[in-house]
1. With a 1.4 Å probe and all protein chains kept in place, how do 27, 33 rank by accessible area, largest first?
2. Taking only protein heavy atoms and a 1.4 Å probe, what accessible area per residue, in Å², does region 486-548 have with all protein chains in place?
3. Putting +1 on Lys and Arg Cβ atoms and -1 on Asp and Glu Cβ atoms, find which of 487, 519, 532 reaches farthest to the positive end of the dipole of region 486-548.
4. What is the distance, in nm, between label points placed 7 Å from the Cα along the Cα-to-Cβ direction at residue 425 and at residue 488?
5. Report the accessible area of residue 499, computed with a 1.4 Å probe over the heavy atoms of all protein chains in place, in Å² rounded to the nearest 10.
6. Give me the percent of the accessible area of region 486-548 that comes from carbon and sulfur atoms, probe 1.4 Å, all protein chains in place.
7. So between residue 452 and residue 332, what do we pick up on full extension, going 0.36 nm a residue minus the alpha carbon distance?
8. Using a Förster distance of 56 angstrom, determine the FRET efficiency expected from the C-beta separation of residue 134 and residue 411, and round it to 0.05.
Amino acid sequence: MDPFDSSDSLEGPSKAAATNAEVPVPWSRFSAWLECVCVVTFDLELGQAIELVYPHDVKLSEKEKTSICYLSFPDSYSGCLGDTQLSFRLRQSVGRSSSWFGHEDAYNRDAPVTLQKEHAHFHGYVYFRQVKDASVKRGYFQKSLVVVSRLPFVNLFHSLLQVIAPEYFEKHEPCLETVCNEIDQWPAPVPGQTLNLPVMGVVMQVRIPSKVETPGGSPVKQPQTENLLPAPTVLPSVHELDHFKCFQSVLIHVQMLWELMLLGEPVVVMAPSPTVSSETVLALVSAIAPLRYCGDYRPYFTIHDSEFKEYTTRTQAPPNVILGVTNPFFIKTFQCWPHIIRLGDLKMSGDLPKQVKVKKLAKYIHSIQDLPTQRQKVQSAILRRHLLEQTESFILPLERYLESLMPLQRSMSPWKTPPQIRSFSQDEFMKTLEQAGPQLTLKGDWTGLYRRFFRSPNFDGWYRLRHREMIQKVECLHLEAICAADLLTWTKDKSEVEIVDLILKLREKLMRARKHQLPVKEELLERLEQSIQTIISSLPEDLQTLLHRQ
């Protein structure tokens with residue numbers, strides 16, 4: 001068997017991406033946070049139209065521009081007057097590549113899976129203003145300022161819009177240019193660090209969680225290292241919504257909603273406004289944290305969406321997607337969908353099958369409007385903790401089973417290919433539940449819930465991620481065994497060809513460990529590097545020269 005050989009199953013950036021990371025890119029700091037900022041207005045001849053994109057050289061496809069236009073205005077049925085904030089998510093055009101380059105892997109490596117940068121979708125955060133204006137032919141001023149990002153930081157970007165949008169509507173493009181230049185000076189988003197983000201005289205202080213932190217825990221605040229004037233506005237979270245507010249009218253169904261999210265079932269949320277629609281969909285997606293929701297979801301979905309036909313065809317079962325809608329047109333369009341959540345006062349005719357019945361919770365809990373702010377926060381924290389513990393309880397038996405598939409550390413030999421990770425067997429896992437089942441508050445057939453979970457996109461996404469992490473762990477254990485071996489003695493009775501082959505393979509392992517930042521102590525890697533140099537020194541001078549050049 002070939003010593004030190006292991007399959008290259010880890011994913012990593014291409015050489016081109018690594019090269020690009022070293023080249024200064026225009027707007028590189030800006031693009032670490034945002035893809036672009038758009039202004040969408042209402043044109044009497046064209047309807048909704050993009051008035052401005054900043055930075056000017058950002059390339060959006062025509063399909064992306066059209067989607068942003070329709071998703072940035074509330075449906076006319078909503079009748080939103082004044083200022084409205086909402087969120088959307090759209091599929092990016094095929095063939096588009098991220099402008100983030102090297103930042104992306106460093107960020108995604110350290111961020112929780114639920115907060116990682118998206119590769120195939122954009123998030124849009126909208127501040128829409130509609131006010132009466134006699135100087136406009138239509139009689140109304142209608143305009144949206146839209147922040148487009150690959151990051152799911154709903155709280156941060158809506159807070160940013162609350163600062164910049166009112167100013168932009170008064171001062172127009174020069175104001176927007178100034179804001180974008182300020183964002184281009186922000187430090188990069190780094191999980192686990194407290195960051196100060198200045199914009200228009202305000203300093204927003206945020207902390208992006210790290211994946212090594214306990215989910216739902218309170219991170220230790222980092223001391224301030226600089227005097228900031230003015231004092232920073234501290235955002236409690238870049239992403240967490242008020243779960244109690246979002247679920248207050250369906251709180252008695254929260255167990256069923258959690259199961260629907262866990263299984264990636266098709267769900268339609270019918271809401272009275274795009275604000276309620278988008279907040280509810282985002283709260284649903286986050287209800288299974290720390291699991292990542294791996295199906296598609298659209299916090300706000302319109303009849304103009306490019307995926308409208310794809311999602312409304314009746315010739316096949318509904319796809320694994322959560323759609324937030326406000327247009328009554330969808331009442332009939334989605335009447336065959338298995339799960340429909342109806343919120344607010346949306347008028348609907350006829351009965352829909354298997355829908356979630358919305359009830360007032362007067363007997364269960366006081367109205368949210370009557371709760372003091374602090375009490376609201378406590379209620380939301382309790383609900384979020386309940387959902388978190390339920391997901392962790394469900395996942396724990398799966399994690400234990402995965403551990404049993406790993407090869408033992410004592411089976412790692414520096415002179416052999418690492419042992420294989422055993423394959424996941426659903427039947428074998430189900431047998432483990434007899435002794436080590438989950439401590440769930442679920443009623444009914446929870447073993448059946450596992451079997452249904454295995455058929456969901458969420459299981460597939462979770463298993464792919466964990467399997468990749470297990471491959472990395474095996475790689476680390478094998479590397480540690482190699483570092484502890486007496487490599488020089490091994491070479492004593494080997495030919496020059498075998499020794500050179502060994503050196504090249506050791507270099508490759510060393511490079512991969514640093515490139516992928518595997519959790520191996522640096523002192524071990526340095527020891528391996530010294531061993532490589534010692535072995536090279538034992539070779540004839542011509543071979544030494546050749547190896548030093550490589």
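1. Largest to smallest exposure gives the sequence 27, 33.
2. Accessible area per residue, region 486-548: 59 Å².
3. Going by the Cα projections, it comes out as 519.
4. 4.7 nm
5. 10 Å²
6. Carbon plus sulfur share of accessible area: 52 percent.
7. 40.4 nm
8. In this case the efficiency is close to 0.10.
The values are calculated or read from the model by the stated rules, or taken from the named source; none is laboratory data. All values derive from a computational prediction rather than experimental measurement. Counting neighbours? That spans all protein chains shown, and the Cβs are built from the backbone with ideal geometry, glycine included. In case anyone asks, the SASA skips ligands and DNA or RNA and just uses the protein heavy atoms, side chains included. Shrake-Rupley method; radii C 1.70, N 1.55, O 1.52, S 1.80 Å.
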